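The values are calculated or read from the model by the stated rules, or taken from the named source; none is laboratory data. The structure presented is a predicted model; accordingly, all values stated were derived computationally and were not measured. Because the Cβ atoms are built from the backbone with ideal geometry, glycine has one as well, and the counts that use them run over all protein chains shown.
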Amino acid sequence: MALLPYALARPFLFGLDPERAHDLTLGALARIQHTPLRCTIAQPRVDDPVTLAGLRFPNRVGLAAGLDKNGRCIDGLGALGFGFVEVGTVTPKAQPGNPKPRIFRLPEANALINRLGFNNDGLDAFLANVQRARFRGEGGILGLNIGKNATTPIERAADDYLVGLDGVYPHADYVTVNISSPNTKNLRELQGDAALDALLGALHARREQLAARHARRVPMFVKIAPDLDEDQVGAIAAALRRNGIDGVIATNTTIARDAVRHLPHGEETGGLSGAPVAEASNRVIRGLRAALGPDFPIIGVGGVLSGADARAKREAGADLVQIYTGFIYRGPPLVTEVAQALKSAR
């Protein structure tokens, strides 16, 4: 049980610069996760197992990538009741990301805007952290999210993704290919028909080689944007099928600002997450489910701040859900609330 309820800790954290609060929280988790103090944050994991893409998830709620980019706190986060945790995005080489300030709270909208830009310590440091984690041995599912370096030309993006896949493959339960962050120049161009086929084809071929080498086939998911029309969603769905991809994560942050333009920081450049992206995410999920049929794995993310929001994702067609911004606003109790809501909705 948490020593300090999140409702009491939140005013202190929200009094800090958002990135400072983020770093402070992850630092604390990293320090205590392998000590007896872990019991001060731990909460029971709701038992609601489901098998998807050949993996047995302990429950249907996961942590979205982006919160723990370097995989420093896998076990601390896993202690909060998540059935699965996804860390990254990691790039082959360390990079600082975009200039600060680069995270903005919009509390009136239960939202965040970030333009972090894949800031991370690089693949080697990431893998060292992942290999120290015990979460997988404790029954959790671990997703590792890969991307490209900002300095790599978009024409050479596949090179970075292949390096990332080679590195993370032995240590992942599933690998996510992030082609949808709005904060790396031209990255979303990879969602276009020809570029997507070329990238996914290269990754599929490399994955088959890695599966033979490691005698283990690791599922590969693709994370897409909410800012897609019906035709684009259909084209992506077809490309996923053509290239042997095992699942899709819908969605990343949005560049739309209609819901927050009037708010302080509402016009900041970056990706908007939280409540304002919920319906766009659900629209994409519905389109994917219609195009992919009933059995293709879909993880829904975007605007989950309650159990009801999570059920809406399931009703749209998601098999599992992830949280991030809702976790910032609601804290660890949201994990249990969402997991219980999805269990009761079966």
Quiz item: Are any of the residues in the stretch 101-122 basic (Lys, Arg) and part of a helix (DSSP H, G or I)?
Solution: no
Quiz item: When residues of the stretch 175-186 are filtered for being modelled with pLDDT under 80 and either surrounded by 21 or more Cβ atoms within 10 Å (Cβ to Cβ) or under 17 Å from Val277 (Cβ atoms) (or both), how many remain?
Solution: 1
Practice problem: Determine if the stretch 35-45 includes at least one residue that is small (Gly, Ala, Ser), surrounded by fewer than 13 Cβ atoms within 10 Å (Cβ to Cβ) and either touching a residue at least 40 places away in the same chain (Cβ under 8 Å) or within 27 Å of Pro219 (Cβ to Cβ) (or both). | Solution: no
Exercise. Please state which of the following conditions Ala172 fails to meet, knowing it meets all the rest: (1) touching a Gly at 6+ places or on another chain (Cβ under 6 Å); (2) modelled with pLDDT of 95 or more; (3) not acidic (Asp, Glu).
Key: (1)
Practice problem: Filter the stretch 205-239 for residues that are within 14 Å of Val175 (Cβ to Cβ) and of a type in the set (A, V, I, L, M, F, W, C) and give the result. | Solution: Leu210, Ala211, Val218, Met220, Phe221, Val222
Self-check item: Number of the condition not met by Ser273 [criteria: (1) at positive phi; (2) in contact (Cβ under 8 Å) with a residue 12 or more places away in the chain; (3) not β-branched (Val, Ile, Thr)]
Solution: (1)
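Yes or no, residue by residue, for (1) more than 21 Å from His22 (Cβ to Cβ); (2) out of contact with any Cys (no Cβ under 9 Å at 6 or more places or on another chain); (3) surrounded by fewer than 19 Cβ atoms within 10 Å (Cβ to Cβ):
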residue: Pro99; (1), (2), (3): no, yes, yes
residue: Phe104; (1), (2), (3): no, yes, no
residue: Ala111; (1), (2), (3): no, yes, no
residue: Leu116; (1), (2), (3): no, yes, no
residue: Leu123; (1), (2), (3): yes, yes, no
residue: Phe126; (1), (2), (3): no, yes, no
residue: Pro153; (1), (2), (3): yes, yes, yes
Quiz item: Of all residues in the stretch 140-183, how many are assigned to a loop (DSSP other than H, G, I, E, B) and out of contact with any Leu (no Cβ under 8 Å at 6 or more places or on another chain)?
Solution: 7
